[in-house]
Amino acid sequence: MLSFSDRLAGGGILLADGATGTNYQDMGMEPGVAPEEWVFDAPERVIDLHRRFAQAGSELVLTCSFGGSPVRLADGALAGRAQELNRRAAELAREAVGGETLVAGSIGPTGQLVEPLGPLGHDAAVAAFAEQARALADGGVDLLVLETFFALDEALWAVEAVQAATNLPLVASFSFDQGTRTMMGLSPTQVIAATEPLGLAAVGANCGRSLEDMAAVLAEFTATGTNTPLWIKPNAGVPQVTAQGVVYPESPESFGATVAGFKDAGARILGGCCGSTPAHIAALRAALAA
């Protein structure tokens, strides 16, 4: 199997997967249950979703470990089980997709604000991210992805930790949920300036708000002139609360047509985030091939 770096070097678009949590909800996950709990309580459903994304055309799937840092798990049902969780999440993904599809270890923020706004300090953050990264590596992932980060300090600490703990390719992806800024006011230009010297395999954005906002984020990334491959995984639109629950407005067809256009805008890795199903990824694959 070609590595993540080799696939990027070969040119073209690498197609990633879609959402985890919102798909699990559609599959019956009860409110208040953390997706990571399904790694132990419903592994067959974790495998099923990974497999459906691969069948839809995903060349890369993310492990069910976004909330798997020991800091984030500390107050929940999986407290003290970070190493076991991350290793098992990686194993389930590999079992689902086999050897030809890349498995990326998902690492999300700790859920705490950094000092002085919150309790998270450098040493605790680095230790937590390193523990998670090592466990994912032990489980057999091909690369690691820091996703949905919004605070620069925490992201940089996570990069420091992962690069010290493993030699795996590393992607850093930020959530610009304020349009073209993160919750902490970080811009795409600032992201590139801070990460360019770090030797990342890719950098980019996931989640956020609308496809229009994501297009603006991508345009700002490319305007910096960066040579780092760009990773883009938008939501299926801005979620709307209805009597039937939370609905994402972008159909597979509208999502696929719009996100496929991000290829010409400079993206190298494309996929989906909240609200994006295997049908959305299949439509994106078809649009890219048209």
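The values are calculated or read from the model by the stated rules, or taken from the named source; none is laboratory data. What you are looking at is a predicted structure, and each value in this text was computed from that prediction instead of being measured. So basically every Cβ, Gly included, is an ideal-geometry build from the backbone, and we count neighbours across all protein chains shown.
Just checking, does region 87-103 include any residue being touching a strand residue (DSSP E or B) at 6+ places or on another chain (Cβ under 7 Å), under 14 Å from ILE47 (Cα atoms), among the small types (Gly, Ala, Ser) and surrounded by 18 or more Cβ atoms within 10 Å (Cβ to Cβ)?
Start the filter on region 87-103 by keeping residues that are touching a strand residue (DSSP E or B) at 6+ places or on another chain (Cβ under 7 Å), which leaves 90, 93-94, 97, 101-103.
Next, only the ones that are under 14 Å from ILE47 (Cα atoms) stay: 90, 93-94, 97, 101, 103.
Keeping just the survivors that are among the small types (Gly, Ala, Ser) gives 90, 93.
Right, trim to surrounded by 18 or more Cβ atoms within 10 Å (Cβ to Cβ) and you get 90, 93.
Yes, region 87-103 has at least one match.
Tell me, please, whether a residue that is more than 25 Å from SER5 (Cα to Cα), touching a Phe, Trp or Tyr at 6+ places or on another chain (Cβ under 8 Å) and at pLDDT 95 or above can be found in region 131-142.
Checked region 131-142: no residue is more than 25 Å from SER5 (Cα to Cα), touching a Phe, Trp or Tyr at 6+ places or on another chain (Cβ under 8 Å) and at pLDDT 95 or above.
Mind checking whether some residue in region 60-74 is under 15 Å from PRO35 (Cβ atoms) and in a helix (DSSP H, G or I)?
Restricting attention to region 60-74, the residues satisfying the condition of being under 15 Å from PRO35 (Cβ atoms) are 61-69, 72-73.
Still in the running and in a helix (DSSP H, G or I): 72-73.
Yes, region 60-74 contains a residue that is under 15 Å from PRO35 (Cβ atoms) and in a helix (DSSP H, G or I).
With part of a helix (DSSP H, G or I) and either surrounded by fewer than 16 Cβ atoms within 10 Å (Cβ to Cβ) or over 17 Å from the mean Cα position of the chain (by Cα) (or both) as the only criterion, which of ALA158, ALA130, ALA137 stands out? Can you show your working first?
On the way: ALA158 fails: either surrounded by fewer than 16 Cβ atoms within 10 Å (Cβ to Cβ) or over 17 Å from the mean Cα position of the chain (by Cα) (or both); ALA137 fails: either surrounded by fewer than 16 Cβ atoms within 10 Å (Cβ to Cβ) or over 17 Å from the mean Cα position of the chain (by Cα) (or both).
Exactly one residue qualifies, and that residue is ALA130.
Which one is surrounded by the most Cβ atoms within 10 Å (Cβ to Cβ), of the residues in region 28-58 that are under 22 Å from GLY76 (Cα atoms) and in contact with a Leu (Cβ under 8 Å, 6 or more places away or on another chain)?
The residue in question is GLU36.
Taking ALA172 as the residue in question, decide whether it is touching a strand residue (DSSP E or B) at 6+ places or on another chain (Cβ under 7 Å), within 23 Å of ALA9 (Cβ to Cβ) and free of Cβ contacts under 8 Å to residues at least 40 places away in the same chain. Show your work before the answer.
Values: touching a strand residue (DSSP E or B) at 6+ places or on another chain (Cβ under 7 Å): yes; within 23 Å of ALA9 (Cβ to Cβ): yes; free of Cβ contacts under 8 Å to residues at least 40 places away in the same chain: yes.
Criteria met by ALA172.
So, in region 259-280, how many residues would count as being in a helix (DSSP H, G or I), farther than 12 Å from LEU218 by Cα and in contact with a strand residue (DSSP E or B) (Cβ under 7 Å, 6 or more places away or on another chain)?
Here is the first cut: in region 259-280, the ones in a helix (DSSP H, G or I) are 259-260, 278-280.
Filter once more, keeping what is farther than 12 Å from LEU218 by Cα: 260, 278-280.
The next check asks that each one be in contact with a strand residue (DSSP E or B) (Cβ under 7 Å, 6 or more places away or on another chain); those that pass are none.
So the count comes out to 0.
Can you find a residue in region 107-114 that is on the phi > 0 side of the Ramachandran plot and small (Gly, Ala, Ser)?
The first filter runs over region 107-114 and keeps only residues on the phi > 0 side of the Ramachandran plot, leaving 111.
If we keep only those that are small (Gly, Ala, Ser) as well, we get 111.
The answer is yes, given that some residue of region 107-114 is on the phi > 0 side of the Ramachandran plot and small (Gly, Ala, Ser).
Could you please let me know if ALA219 is within 22 Å of LEU14 (Cα to Cα), assigned to a loop (DSSP other than H, G, I, E, B), out of contact with any Cys (no Cβ under 6 Å at 6 or more places or on another chain) and modelled with pLDDT of 95 or more? Let's see the steps before the verdict.
Values: within 22 Å of LEU14 (Cα to Cα): yes; assigned to a loop (DSSP other than H, G, I, E, B): no; out of contact with any Cys (no Cβ under 6 Å at 6 or more places or on another chain): yes; modelled with pLDDT of 95 or more: yes.
Spelling it out, it is not the case that ALA219 is within 22 Å of LEU14 (Cα to Cα), assigned to a loop (DSSP other than H, G, I, E, B), out of contact with any Cys (no Cβ under 6 Å at 6 or more places or on another chain) and modelled with pLDDT of 95 or more.
Could you check how many residues of region 1-30 are outside any helix (DSSP H, G or I), touching a strand residue (DSSP E or B) at 6+ places or on another chain (Cβ under 7 Å) and within 12 Å of LEU143 (Cβ to Cβ)?
Qualifying residue count, region 1-30: 2.
Could you please find all residues in region 97-114 being of a type in the set (A, V, I, L, M, F, W, C) and over 25 Å from ASP6 (Cα atoms)? Steps first, please.
Residues of region 97-114 of a type in the set (A, V, I, L, M, F, W, C): 97, 102-104, 107, 113-114.
Result: LEU113, VAL114.
Among the numbered criteria (1) in contact with a Pro (Cβ under 6 Å, 6 or more places away or on another chain); (2) without any contact (Cβ under 8 Å) to a residue 40 or more places away in the chain, which one does ARG52 miss?
All conditions pass for ARG52, except number (2).
So GLY271 passes all but one of these: (1) within 25 Å of GLY10 (Cβ to Cβ); (2) touching a helix residue (DSSP H, G or I) at 6+ places or on another chain (Cβ under 6 Å). Which condition number does it fail?
Unmet condition: (2).
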